[in-house]
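All of the numbers you see were taken from the coordinates with simple rules; none came from a lab. Only a predicted model underlies this, so the values are computations on that prediction, with no experimental measurement involved. Note: ideal-geometry Cβ built from the backbone for every residue, glycine included; neighbour counts use all protein chains shown.
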Amino acid sequence: MATTIRRSKRIGDAFYRGSVGLLLVCCVVFLLAPLVVVIALSFDGRSYLGSFPPTSLSLQWYHRFFNTDLYMNGLWTSLRVSVLSVSISLTTGVAAAVGLHYAKFPGRNLLLSFFLAPLIVPTVVIGSSLLLFLGAIDITNGLVRLVAGHVLITLPYCIRTTLAALRNLPPSFIEVAMSLGARPWSTFWTVTFPLIKRGIVAGGIFSFAMSLDDVTVSLFLVEAPYYTLPVALLTEMRANFDLTIAAVGAMLAVVTACLIFLLDRIVGIDRLFGRGVYRNN
Amino acid sequence: MNVVELTGVRKAFKDVLALKEISFSVEKGKILSLLGPSGCGKTTTLRIIAGFEEPDAGSVFLSKRSMNGLRPYERNVGLVFQDYALFPHMTVAANVAYGMRQRRVPANTIKERVEYYLSLVRLTSLADRFPRELSGGQQQRVALARALATEPEVLLLDEPLGALDAKLRTELQVELKGLLREIGATSIVVTHDQEEAMSLGDEVIVMNEGSIEQRGTPADIYDRPTTRFVAEFVGKSNWFLGCVVGQGQQGSTIRTEDGLELQLAETLEADRAVEVCVRPERIRLTDPGLHRTNGAVVNAFEARVKEVIHVGSDINVFVDMGQDRSLLVKQQNQGHRLTAGELVMLCFGAIDCHVIPSTP
């Protein structure tokens, strides 16, 4: 009797495990299939948009990408905007997070939600309101506009990862440092910063990816001669669609994969996004 | 000379009064234990001395200098936390050197002192290790060396052995006390563990609800508790509540509500209501009828064994005296067997009865 129950339980377990496995495979295929198609098409040797799979292979789309001024300018602008905005977001974000974490003042939580608000405000709203606002205060430089927009969307990520790192830091470290004679500034650089560094770097890499990838906010803020790569791709795609976009897509996928690999090596993806129900930060 | 002195220190958090007018002092080279249940204000006291909290009223003096308004890094206080809080990104030697670096001690002095304090805690060979590579006991010693290296006026230890397992704890109690004695560090140990408080402290302060209940040597605290709280918090007690009915040259007699008469060694005024505590190890169990032969025994009652619990070296015996009165008797385990239901005689002397002086 008992063995029968046990056996039927085992069959149930096997069935359960099997179906979960199948679901997992389906999800991965669903997520990866478009990527595989894009990468395959980026090596298409035909000069027109043919059906999948490609009949011949070449690097013509990559060649075209690197020889089109529009894309190269876009890439250069994108890199400048991302590096600038991430540097600004990181410095202000870390300062804000440290202040919010340690200071006790009324309205602290309100201020925190205020800082994190761009996470929930739709990017279309951010883009359009920034356009109106920057217009009203007469800022017409395209680079400044783009950087301002990107700081706004990356700042919450920098604050959040820094705050998560600070929460994991036992207060006794700071207190011991102070009792040993370290002033607040010195305590920050000798104890706090080295111990939250990984969280800060993670926030930086994540923000960089977010900024490089952004279309919506940038679309509102581009002003000749500054336009970002995703915006360039979008306009070009509307005018004359070809497979250069597949080549860019493939390269971006590789860069993103590298960034994620880097992120995992530095902090571990688990720590950054939590571990499901066993979320630890 | 008093190294640490607190006068009328009061502290409230929002509307909860954490400390109500605490005053005490610690002499140079002495170890004082602050003992009490959680929420009694002992940790707040420590944090006020260290400078993490400002008192609402009263002052803290370190070597006669008022600490009012001074930040933690402007005082000279050593701290050892329960979780040790060793900096994980620094080696053992760098941890010990940290305080001296912050206080701009010359490099060669730092080197000498790191060597000295590491040898003091017998960790010289582990100087280049990182804290995560050390055992709990070793980490504790690093924390101690780090706190001592800045040569603080007072060393504050917050549950210093709380994170260690029971066996190691007893061992380290002896070692820690010896070490603190050796360097003559004025220390305050905050703990809720009475064994830790009594074994480390030259003197113990028992705290409850933000006030000091009693200050005394470990023996004083245990043998002569001044309040019912102290008697109940430190060790176990049997209670007799009664009224003084007779006085003599040898002491006085009280009668409890359930009609028991007890001889006390103290002379008390008549009709006074008293609370008397008798420690479980002061009571002896004998066969019925045997007690009369021993002249020292003045209190003897018949009782029935309710339960016998062996706890290794000791045996805890619960006896029933009738009328809902049950007593705990602690005997040394010397091999004799008692069984539940057995009739016994319990005996204790007049001097084994301690009268709580603060009886209202």
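Assorted remarks:
- ³J(HN,Hα) computed for each position of the stretch A:149-159 - Karplus, 6.51 cos²θ - 1.76 cosθ + 1.60, integer Hz, glycine/proline x: x, 6, 4, 4, 7, 9, 3, x, 5, 4, 5
- Distance between the C-alpha centres of the stretch B:299-360 and the stretch A:29-90: 87 Å, rounded to the whole angstrom.
- Overall Cα dimensions of the stretch A:1-159 - principal axes, largest extent first, Å: 79, 61, 24
- Semi-axes of the equivalent ellipsoid for the stretch B:6-66, computed as √(5λ) from the eigenvalues of its C-alpha gyration tensor and ordered from largest down, come to 19, 14, 9 Å.
- Taking amide H positions as modeled 1.01 Å from N, with prolines and chain starts lacking one, the residues under 5 Å from B:V189 and 5 or more places away or on another chain are B:L32, B:S33, B:L34, B:L157.
- For chain B, projected area of the alpha-carbon convex hull averaged over all directions, nm²: 22.6 nm²
- Antiparallel bridges, percent of DSSP beta bridges restricted to chain B (to nearest 5): 80 percent
- Per-selection metrics, the protein assembly as shown (Cα): Rg and Dmax in Å: 36.6, 122
- Distance (nanometres) between label positions extended 7 Å along Cα→Cβ at A:L111 and B:R101: 3.1 nm
- Top of B:G184, B:G322, B:G41 by mean-square fluctuation, Gaussian network on chain B, Cα under 10 Å: B:G322
- Spherically averaged projected area in nm², based on the convex hull that wraps the Cα atoms of the stretch B:190-329: 10.7 nm²
- Ellipticity estimate at 222 nm from DSSP helix runs (n ≥ 4, -39,500 (n - 2.57)) divided over chain B, nearest 500: -7000 deg cm²/dmol
- Computed over the stretch A:19-104, the range of Cα coordinates on each principal axis works out to 65, 50, 14 Å, biggest value leading.
- Geometric extent, Cα atoms of the stretch A:69-275 - Rg, Dmax (angstrom): 19.2, 67
- Other residues whose C-beta falls under 10 angstrom from the C-beta of B:G242 contribute a net charge of -2, scoring Lys and Arg +1 and Asp and Glu -1.
- Electrostatic dipole magnitude of the stretch B:232-337 [Cβ: Lys, Arg +1; Asp, Glu -1; Cα centre; debye, to 20]: 420 debye
- Kyte-Doolittle at least -1.0, axis length at least 18 Å by Cα - qualifying DSSP helices, chain B: B:107-120, B:136-149, B:166-183
- Around the amide H of B:E21, modelled in the peptide plane, lie the amide H atoms of B:R10, B:K11, all under 5 Å away and 5 or more residues distant in sequence or on another chain.
- Comparing A:G142, A:G204, A:G181 in a Gaussian network model of chain A, where Cα atoms under 10 Å apart are tied by springs, the biggest mean-square fluctuation is seen for A:G181.
- For chain A, the 222 nm mean residue ellipticity estimated from helices alone, with every DSSP H stretch of n ≥ 4 adding -39500 (n - 2.57) and the total spread over all residues, rounds to -25000 deg cm²/dmol.
- Here the alpha carbons of the stretch A:153-262 define both size measures, Rg and Dmax, at 20.4, 67 Å.
- According to the Cα-based calculation, Rg over Rh for the stretch B:80-176 is 0.95, with Rh computed by the Kirkwood formula.
- About the centre of its Cα atoms, the stretch A:69-275 shows a dipole size close to 880 debye [charges on the beta carbon of Lys, Arg (+1) and Asp, Glu (-1) only; nearest 20 debye].
- Within a Gaussian network of chain B (alpha carbon springs, distance under 10 Å), most fluctuating of B:E209, B:E196, B:E133: B:E133
- Chain A: relative contact order in percent, alpha carbon pairs under 8 Å with at least 6 residues between: 28 percent
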